Amino acid sequence: MLNCIDLCMAHRKLADHIQHHLEAVVQGNLEATRQHFQKFLFLLQSHSTAEEEILFPAYSNAGLDEPGCSVELLLKEHVKIRRLVMEAKERIFFTGAVLDAASRVAWVEALHMLKEVLAHHDVRERTVFFPKLDAHLGADAHALAAKAHERERALLADLETQGGGI
Ligand SMILES: [Fe+2]
Ligand SMILES: [Fe+2]
């Protein structure tokens, strides 16, 4: 049975997709950079949407908001992450993109801020948000986690078949 904390598995997968994307950048493999970034983008979109639709309302309704981990703060981080991802997407999928030495360096540097924001967001959710939900809901956390996980999987399947996303 899932707990809310188990939904952090998506965070590890997101970090892996970014890592593989960056490795492809360093190797100068444009096709692979795009494939790995697309996987990152689809998972980010489905994971963050499932949080916003299912977990954030549950957290607020349970009165769990606190200054260092409020839904308002988490949503602000989602907005910032989406903005940085949007910028990266435009650069990576630009038709005339080339991966010469200079642009490889620039592409790696350009993702630094996104990686930092994702790392902060991961810590906030992994150490406060998910544990508080699990502790407050007790046995009811299993149903909530399963619902959010199922929603994430369904959104991801839709994106993988239809494309789109951020
Ligand atoms: Fe998350
Ligand atoms: Fe999140």
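The values are calculated or read from the model by the stated rules, or taken from the named source; none is laboratory data. Values in this document were obtained by computation on a predicted structure and should not be read as measured data. Every residue, glycine as well, gets a Cβ built from its backbone with ideal geometry; the counts of neighbours run over all protein chains shown. Keep in mind that these areas ignore ligands, DNA and RNA; they rest on the heavy atoms of the full protein, side chains included. Shrake-Rupley method; radii C 1.70, N 1.55, O 1.52, S 1.80 Å.
The phi torsions of segment 132-143, fed into the Karplus equation with coefficients 6.51, -1.76 and 1.60 and a -60° offset, translate into couplings of 5, 4, 4, 5, 6, 7, x, 5, 5, 5, 4, 5 Hz, rounded to whole numbers, with Gly and Pro shown as x. Between PHE37, PHE129, PHE93, where does the largest GNM mean-square fluctuation fall for the chain, given springs only between Cα atoms within less than 10 Å? Result for the chain, Cα springs under 10 Å: PHE93 fluctuates most.
Ordering ALA102, ALA32, ASN61 by Cα displacement along the dipole of segment 1-136 toward the positive end leaves ALA102 in first place; charges were set at the Cβ atoms of Lys, Arg (+1) and Asp, Glu (-1). Only protein atoms count toward the accessible area here, which uses a 1.4 Å probe; on segment 71-123, the carbon and sulfur part of that area reaches 65 percent.
Basic side chains Lys and Arg get +1 at the Cβ, acidic Asp and Glu get -1 at the Cβ, and with that the dipole of segment 1-77 about its Cα centre reaches some 320 debye.
With +1 on each Lys and Arg Cβ and -1 on each Asp and Glu Cβ, and nothing else charged, work out how big the dipole of segment 1-159 is about its Cα centre, in Debye to the nearest 20.
For this selection, approximately 300 debye.
The mean of 1/r over all distinct Cα pairs in segment 61-166, once inverted, gives the Kirkwood hydrodynamic radius of 16.6 Å.
Enter the per residue convex hull volume of segment 110-166, computed from alpha-carbon coordinates, in Å³ rounded to the nearest integer. Please list the in-between numbers first.
Values: hull volume 4.7 nm³, N = 57.
Dividing the Cα hull volume of segment 110-166 by its residues yields 83 Å³.
Local charge sum around HIS11 (other residues, Cβ-Cβ under 9 Å, Lys/Arg +1, Asp/Glu -1)? That sum, taken over residues with Cβ under 9 Å, equals +1. Its alpha carbons considered, segment 1-57 gives a radius of gyration followed by a Dmax of 13.6, 43 Å.
Given in Å, the Rg to one decimal and the Dmax to the nearest whole number for the Cα atoms of segment 75-122 are 12.0, 36. The Rg/Rh ratio for segment 1-105 is 1.07, where Rg is the radius of gyration of the alpha carbons and Rh is the Kirkwood radius. Per-residue SASA remark: VAL128, around 40 Å² accessible (1.4 Å probe; ligands, DNA and RNA not included).
Of all the accessible heavy-atom surface of segment 1-57, with the other protein chains kept in place and a 1.4 Å probe, what percent is carbon and sulfur?
On the way: 1270 of 2460 Å².
It is 52 percent, rounded to a whole number.
Taking all Cα pairs closer than 8 Å and separated by 6 or more residues, the relative contact order of segment 1-76 comes to 21 percent.
Hey, could you get me the Stokes-Einstein D for segment 37-90, Kirkwood radius over alpha-carbon pairs, 10 °C and 1.306 mPa s, rounded to whole µm² s⁻¹?
Working: Rh = 12.0 Å.
My calculation gives 132 µm²/s for D.
Note that the chain presents 52 Å² accessible area per residue, ligands and nucleic acids not counted, probe 1.4 Å.
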